[in-house]
1. Any of Lys5/Lys203; Lys110/Lys219; Lys233/Lys310 with alpha carbons more than 20 Å apart? Name them for me.
2. About the Cα centre of segment 6-341, what is the dipole size in debye to 20, counting +1 per Lys and Arg Cβ and -1 per Asp and Glu Cβ, all else neutral?
3. Using a Gaussian network model of the chain with C-alpha springs under 10 Å, which one of Gly158, Gly92, Gly131 is most mobile by mean-square fluctuation?
4. Arranged by the count of other C-beta atoms within 10 angstrom, fewest first, what order do Val264, Val222 take?
5. For the chain, compute Rh as the Kirkwood radius over C-alpha pairs and then the Stokes-Einstein diffusion coefficient at 4 °C and 1.567 mPa s; write the answer in µm²/s, rounded to an integer.
6. With a 4.7 Å Cβ cut-off, tell me which Cys residues in the chain come up empty for a partner.
7. Taking every DSSP beta bridge that has both residues in the chain, what percent is antiparallel when rounded to the nearest 5?
8. What ranking do Phe255, Phe44 get, fewest neighbouring Cβ atoms within 10 angstrom at the top?
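No lab work stands behind these numbers, since they all come straight from the coordinates. Because the structure is a prediction, the values reported are computed rather than measured. Note that we place each Cβ from the backbone using ideal geometry, even for glycine, and neighbour counts take in every protein chain shown.
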Amino acid sequence: MAGKKKLMRALAGETQAVPPVWMMRQAGRYLPEYRATREQAGDFLSLCYNSDLATEVTLQPIRRYGFDAAILFADILLVPQALGAGLWFVTGEGPRLSTVTTQADFDALKPADAIHDTLAPIYQTVRNLSGALPGDVALIGFAGAPWTVATYMIAGRGTPDQGPAHALRQENTVLFEALLDRITDATIDYLSMQIDAGAETVKIFDSWAGSLDGEAFDKYAVEPCRRITAALKSRHPDVPVIGFPREAGQKYVGFARATGVDCVALDNSVDPAWAAAHVQCDGCVQGNLASAHMVAGGQALVDETRAIVKAFSGGPHIFNLGHGITPDADPGNVQLMIDTVREDR
Ligand SMILES: Cc1c2[nH]c(c1CCC(=O)O)Cc1[nH]c(c(CCC(=O)O)c1C)Cc1[nH]c(c(CCC(=O)O)c1C)Cc1[nH]c(c(C)c1CCC(=O)O)C2
């Protein structure tokens, strides 16, 4: 597999002495060049839909640091918008959406295959990137998992406990499941189009998977991810899929087998030694340095980075953070992390 990109080799199950490295939100507000381009675009959503500027911010962290992978610059909430939901961002607070809590709200949504007009600029960004990236850098596409996307569509915003989505699933299960199915169908088409445009792997972000217990986790986190993965594999058999059931805890065990994903991304609440024994045994894992180290830096960052690389050194591993890098991170600490991952060993 010598000629293949480092990220793709890890996803194919190869153990490497130096793991590939990239970061969630690597194109983000901690970088001065990102803030400048975002200002040029006007606002966050305009940046997402401007293919030239979205290409530019995706490339910025690749130029600055030489990561092994670039992740398409977009957002998981573009799918609800393409389905017809209202979406806007309140500076300093986060996303706001028109809510879907009644049958009438649901009936007003567009069919899954009507999303592509809205999302066409995103496919263009992927095409741009596919031609612009250095030859050894892999391109990652992504979408939100249906449960996580639904939590925003139902509440109309981010919530600490996903209460409104849990309430709807209990009070109107039929409507809740219809919404999840609509998002699932749209997500399959969306990711498939990203792959057609040049994404070499795709990641499914289930940021709120941890709030689903027992049977609900199987029905609303595992099953939609399994369905998306199976549909993608039938259309694009050679494209690996990364699943990120954040805060799944013990339910990380067997997630790859149950869903068919090629790699499981770990949040930083997971102990690396435990995950090496119970999750990495099924294939590639990604993670899981705490983002706080990117703010604090110092010897603790170096020690923890080394400990994670060592814990996962017996199998396929992609070095990453456990969640997105935060705006208050120091760009110098990112370089220190990368240098530590890539040091001779
Ligand atoms: C839940 C979620 C969202 N978006 C995303 C998730 C899942 C991952 C996670 O749990 O963080 C995923 C996402 N969002 C963004 C990407 C681009 C790729 C990357 O660099 O990782 C990805 C993969 C850009 C973004 N998405 C957002 C920003 C910051 C916007 C800005 O520039 O002002 C970026 C770079 C905004 C966003 N987008 C979302 C929220 C809640 C917010 C506001 C919070 C915040 O400001 O960080 C929804």
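1. Table pairs above 20 Å Cα-Cα are Lys110/Lys219; Lys233/Lys310.
2. Values: 25 positive and 38 negative charges, 76 e Å.
With only Lys, Arg, Asp and Glu charged at Cβ, the dipole is about 360 debye.
3. Largest GNM mean-square fluctuation: Gly92.
4. Details: Val264 26, Val222 21.
Lowest count first: Val222, Val264.
5. Values: Rh = 20.2 Å.
Estimated diffusion coefficient is 64 µm²/s.
6. Cys with no partner Cβ under 4.7 Å: Cys48, Cys225, Cys281.
7. Details: 5 of 29 bridges.
In the chain, DSSP labels about 15 percent of beta bridges as antiparallel.
8. Phe44, Phe255
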